[in-house]
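The values are calculated or read from the model by the stated rules, or taken from the named source; none is laboratory data. All figures in this text were calculated on a predicted structure; none of them were measured in a lab. Cβ atoms come from the backbone with ideal geometry, glycine included; neighbour counts cover every protein chain shown. These area figures cover heavy atoms from the full protein model, side chains too; ligands, DNA and RNA do not enter into them. Shrake-Rupley method; radii C 1.70, N 1.55, O 1.52, S 1.80 Å.
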Amino acid sequence: MSDAISEAIGVVARSAPEIRNGLAGRRRKTDAENASGETQLAADVWADELLAERLTAIDGVGQFASEEREGVVECGEGYGVTVDPLDGSSNLKPNNSMGTVLGVYDAELPASGRNLVAAAYVLYGPITTMVVARDGDVTEYVVEDDGTRRAVTEDLTLPEDPTVYGFGGRVPDWTDRFGDYAREIEDELKLRYGGAMIGDVNQVLTYGGVFAYPELESRPEGKLRLQFEGNPIAYVVESAGGASSNGEESLLDADAEAIHQRTPVYVGNEGLIERLEAGF
Ligand SMILES: O=P(O)(O)OC[C@H]1O[C@](O)(COP(=O)(O)O)[C@@H](O)[C@@H]1O
Ligand SMILES: [Mg+2]
Ligand SMILES: [Mg+2]
């Protein structure tokens, strides 16, 4: 069974250069909406289909779910695999960073983050990198054009002295308690917000700090999805010595109720997440 975990990580790595190269011709909107009610880009649909085909073919993968498809695909016996095929796809038009997010759950989907056995993401930045968390270790790789990975940072951990923050959502839509927290953080750290969770979280992992897509007045449940985004990113950040929260508890402890359920997401250095929870 554990081979299926490596296989899933390998499939995402090997697909990354292909996904990157296929983006240029797929920047247009389709007429379709995903299960979260967002208009899909041609690239979202294409990356979803490519990853679905390859991940469901792995022996030991029993279920596949994606932000870009309604239901869970049953494909055999074994792990539940989730993907956000393209994270931050509204960045495709202005040609800014985007990512791909993978979660491997040893449980039926939707599943608690405590059932994750691995999580990983690809960052399509100036170079293509991949961060993989497994068995408590986090490794950063450069992904070569042929899809092979070269480790560049082993035992990745958050720097102790945080320097950056990035918070999503419109400021007037923030709740008072999140606004109060943001004001404190603005005094201490430097704003870096790129509009793709993966890019924004990767700089928190690199420089230390905090990323949030918070609860909003108009949408207390926030924007990001627990199964495809919140849990895998929490698993990576916690494995790197940081912390995660939905405002009350670790994202990994949140109840999994529906495959596309949303959640507020707060991840970063432990002290910064503790302060957030203390003010909530
Ligand atoms: O445009 P906003 O409101 O800042 O939202 C940005 C957030 O939405 C997302 O783009 C949602 O992910 P998708 O692009 O996969 O739907 C996150 O990557 C990002 O953190
Ligand atoms: Mg996303
Ligand atoms: Mg997406």
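Taking strands (runs of 3 or more DSSP E) as the structural unit, those lying wholly within region 76-173 and holding at least 1 residues that are among the charged types (D, E, K, R) and more than 20 Å from Gly194 (Cβ to Cβ) correspond to 128-134, 137-143, 149-153. Take the conditions (1) at positive phi; (2) under 15 Å from the mean Cα position of the chain (by Cα); Gly76 misses just one of them, which is (2). Asp187 is checked against (1) open to solvent by 30 Å² or more (accessible area, probe 1.4 Å); (2) in a helix (DSSP H, G or I); (3) within 16 Å of ligand 3 (Cβ to nearest atom) and fails just one. What number does that condition carry? Answer for Asp187: the failing condition is (3). Is it the case that region 143-152 has a residue that's in the same structural domain as Phe64 (by TED's automatic domain parsing) and in contact with a Leu (Cβ under 7 Å, 6 or more places away or on another chain)? No; the residues of region 143-152 include none that is in the same structural domain as Phe64 (by TED's automatic domain parsing) and in contact with a Leu (Cβ under 7 Å, 6 or more places away or on another chain).
Here region 61-76 is the region considered, the condition is being buried (at least 19 other Cβ atoms within 10 Å of the Cβ) and not aliphatic (A, V, I, L, M), and the residue that is farthest from ligand 2 (Cβ to nearest atom) is Gly62. Here Arg114, Arg134 are screened, and the one residue that is out of contact with any Asp or Glu (no Cβ under 8 Å at 6 or more places or on another chain) and over 28 Å from Leu41 (Cα atoms) is Arg134. Just one of Tyr79, Tyr121 is in contact with a Phe, Trp or Tyr (Cβ under 8 Å, 6 or more places away or on another chain) and either surrounded by fewer than 24 Cβ atoms within 10 Å (Cβ to Cβ) or aromatic (Phe, Trp, Tyr) (or both); which is it? It is Tyr79. For first residues located in region 35-64 and without any contact (Cβ under 8 Å) to a residue 24 or more places away in the chain and at negative phi, partners that are in a helix (DSSP H, G or I) and hydrophobic (A, V, I, L, M, F, W, C) and lie 6+ apart or on another chain with Cβ distances below 7 Å form the pairs Phe64/Ala52; Phe64/Leu55. For the subset of region 141-184 comprising residues that are over 23 Å from Gly279 (Cα atoms) and of a type in the set (Gly, Ala, Ser), which member is least open to solvent (accessible area, probe 1.4 Å)? By that ranking, first place goes to Gly147. If only residues of region 95-118 that are within 16 Å of ligand 3 (Cβ to nearest atom) and more than 14 Å from Phe228 (Cα to Cα) are counted, the one that is surrounded by the fewest Cβ atoms within 10 Å (Cβ to Cβ) is Asn96. Of the numbered criteria (1) closer than 30 Å to Tyr79 by Cα; (2) surrounded by fewer than 21 Cβ atoms within 10 Å (Cβ to Cβ), the one Arg192 fails is (1).
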